[in-house]
Each structure stands twice: as C-alpha cells, then as structure tokens.
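FYI, it's all coordinate maths here, none of it is from the lab. Quick caveat: nothing in here was measured; it's all calculated off a predicted structure. Cβ placement follows ideal geometry from the backbone for every residue including glycine, while neighbour counts extend to all protein chains displayed.
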Amino acid sequence: MTEAAAAGSGFDNAKARRNAVVLAAAQAIAGASSPINIAVSSLAGAALLTEHKELATAPVTAFVVGTACGTIPAGLLMRRFGRRIGLMSGMLSGVAGGLIAAAAMAWGSFAALVLGCFLMGSASAFVQQFRFAAADAATPAFRPKAISWVLAGGMVSAVIGPQAAIHFGGAVGAAPFAGAYLAAAALLLLGGVLLVPLDAPPPSVRRDRAVGRPLREIAVQPRFILAVGCGIVTYAMMNLVMTAAPLAMVYCGHPADAAALGIQWHVLAMFAPSFVTGGLITRFGADRVVAAGLLLLIGCALVALGGVDLMHFWGALVLLGLGWNLGFIGASSMVGETYHPEEKERVQSFNDLLVFGFVAVASLVSGGVLVRGGWDAVNMVVLPTAVTCLVALAWFNVHRGKAVGPGAGTP
C-alpha cells in the first residue's frame, strides 16, 4: 500500500509506530503482573490449603477466568470511551486485585486470594488488547510488526515479574507471598500511567453499532474458525503446562526460587521472538508460522517427558514459550484477516473470550491432572492436542484454501 493510499484509508504508520512504543512500554510494566501470578499463585494457594491440594492452582485459574470474563467489558469500555481511557480503567481493576490478594495472605483467606487473582486477570484482558490497539492505525503490511513490537515489551516483563516474585515474594509480616501481590499492584498502576500518551481514535468514531456484519456471520467463516482454533490450542496448552510447572518443580525437590527462574526463562522465550515474528509472518505467512509454533509445543512435551531434573524443566519451558509466541501471534494475525475495521472491537473481544475461556479450563484442570497423574500426564495432554491442530491447519489450507475474509480489517 502506498503512503497516499494509506493516508486516504485512515492508516498512519507513523502514528502506529508511536503507539506501538507506548504500548510496548505499558506491556513491559503492566504485563509483569502475569508472570508474578504464574510464579507464586499456585504456591500461595497451596500455602493456604490444609487439604484438597488439587485446588492449589485455583488462584491461577481465577486469574485466567478473570481474563476471559474481562474480554467483553474491555471491548465495550474501549468502544464507549476510546482505547486510552478503557485500557487505563482496566489497569485500576488489577491494582485492586493485587491489594486484595496481598490482604488475603494476611487474612489466611483462600477465597479472597481467588478473588484478588480474578481481578488481576481482568486487568490482563485489557493488557491483551494492547496488541490490537497498536495496529489500529497500521497498514495491513505493517500490522504484524506492530503486534510484534508490543509483545516484544514482554521481554522486560519476563524479567521484572519473576524477579519481583523472588525479591518481594517473601512474607510481609506473617503473610507469605503478600509482597509479590503488592508488587503486582504497583506495576499495574505504573502501566496505567504509561498509557497516558497513547494517541488513539476518539470514542465518537466507535459508537455506531449499526455498521458492520452480524458477529455470527463473521464467526462462521472457515478462516475465523481456523484462527480461533489455533489461538485456543496454542494458548491453552501453554497455560496447562505453565500453570503446573512451578508446583511440579517443587514437588520434584527443586526450590521455589528455581521455579520462579524457570518461569522467567519461559516468559522471556514467550516474548523474545517478537522482534522477528512479524517479519516471519510477512515473509512466510501466518499459517506456516503457527505450524512452527505447534511443532515447538510438541518438542516441549517430549523434552518434559525426558526427565525431571532442572534442565528438563527449564528446557521444556523455553520451548513452550517459543511455541506460544509463534502460534499466538500467528493466530492473532489470522484473526485480523476476517473482519472490516468497523467490526474490530466486537470480533477482537469475541476472539479473546473464546481463547481465554478454553485457557481457563486448561488452567482449572492443570492441578488435578498434576496431582492425579503427575508431570508426565500434563505433558501427554499436549501431544495429541497439538498434532490434531497441526493436521487441521494443513487440512484447511489444502482442501479449502485460505478462506480469507474482507482483508481490510485492523486487528
């Protein structure tokens, strides 16, 4: 697309680049609350439970459920008030959640811990929208790179989150892990402040609900079904393994700090490829990039099944993060091919609702699978699921072609 055509269509790559930098910074800071929750919440849950230890992953599950439940409100708020105000309000819900979770550890209340994690998860739904907000003004050619730039901010959150869990995760008074949740609240607050310079379209542009096709018409497109399916499998399998990993490492005799460092390497691997993933999608196509991600998930499961020493855990978590990056960014780009610009908020929120709904289920069953079947059972779930998705991806491309929608959507 030429610069003149881009200007005429409302695309502005210069603005998209500036917004991507702002959102990458916010991703780096606010996004750190997610690895904090991953690293400590199952351990915090176990610390509060005297029996029914299979429920130890419930706080992490609440975080994911909060993300799923927050997707639709996130879309509605941004449609009504614009990207900036909507995203900043989401950060405040996470601040409240962090404070409640810290108080829960002081009270010894498992239910309050679950509530706090749920609210922090709802903030994560808004963080997930950063990648879409970065592409609002981008041309179709620049769109994958805009998404990748924002997710590259996760490189910083990959370090900040686990290190905060290690350095602030100790007891505040007699409250174990309370310091980690206070750190998460502070990071979410700072992330909200960093969103102030975001140059988003005014909300008046977003209020006409009569334009665009019905959501059902968009959702039945084969390309949309394929894109959402790839996103679900990639994210749900990653979450299944990631949620169980800290508990599995501790159960296998490794210290909690080693588990937190394993999560750090995992989150680094989740976001490090973002510097090149957009270019790979532009060169090879989203479908091939997603296929590579699925193959890496299969590799993760095979490495994890090879042993339970620290290097097996860390190696599997690195492959898990790399697979997620290629699969999820690729699937996000595929979704962007299926709708028109005026349909974006509804479709983006619906996509995230479906993805994180399944991720919540994966998180919920993760603890039970680990307690009843062990670490091997967790990874055995990944193999047939990833292979099935890989076959479906090939089948759609061979037999139906790339059933691309309008091609003018902005993810």
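Would you please give the residues with an amide H less than 5 Å from that of Thr139, counting only those at least 5 places away or on a separate chain, with H modeled from the backbone geometry?
Sorted by chain and number, the residues that satisfy this are Asp12, Asn13.
If R0 is 22 Å, what FRET efficiency do you get for Ile225 and Arg372 from their C-beta distance, rounded to 0.05?
0.10
Two decimals, Cα atoms only, Kirkwood Rh: what is Rg/Rh over segment 236-312?
1.04
Report the charge-dipole magnitude of segment 177-307 in Debye, nearest 20, computed about the Cα centre from +1 at each Lys and Arg Cβ and -1 at each Asp and Glu Cβ.
Taking the Cα centre of segment 177-307 as origin, the dipole is about 500 debye.
Bins of 10 Å, beginning at zero and ending with the bin holding the largest distance: percent of Cα pairs per bin for the chain, please.
With 10 Å bins starting at 0, P(r) equals 5, 25, 35, 24, 10, 2, 0.
So which aspartates and glutamates can Lys344 reach, going by Cα to Cα under 16 Å and dropping same-chain residues fewer than 8 places off?
Answer for Lys344, where 16 Å is the Cα cut-off: Asp136, Asp208, Glu217, Asp352, listed by chain and number.
So, R0 is 45 Å and r is the distance between the beta-carbons of His52 and Leu92; what FRET efficiency does that work out to, to 0.05?
Once the sixth-power term is evaluated, E becomes 0.85.
What distance in nm separates the simple spin-label points at Asn397 and Ala111, each placed 7 Å from Cα in the Cβ direction?
5.1
Can you compute the label reach from Val196? Point 7 Å from Cα along the Cβ direction, backbone N cut-off under 20 Å, restricted to segment 10-32.
18-31
Translational diffusion coefficient, Stokes-Einstein: compute it for segment 46-108 using the Kirkwood radius over C-alpha pairs as Rh, at 20 °C and 1.002 mPa s, and state it as an integer in µm² s⁻¹.
Translational diffusion coefficient: 158 µm²/s.
Can you quote the Å³ per residue value for the convex hull of the Cα atoms in segment 1-122, rounded to an integer?
Measuring per residue, one finds 116 Å³ for the Cα hull of segment 1-122.
If you average 1/r over every pair of different alpha-carbon atoms in segment 206-341 and take one over that average, what Kirkwood value in Å do you get?
Radius from the Kirkwood sum: 16.1 Å.
Compute the whole-percent fraction of alpha carbon pairs in segment 252-411 spaced more than 29 Å apart.
Value for segment 252-411: 24 percent of Cα pairs lie more than 29 Å apart.
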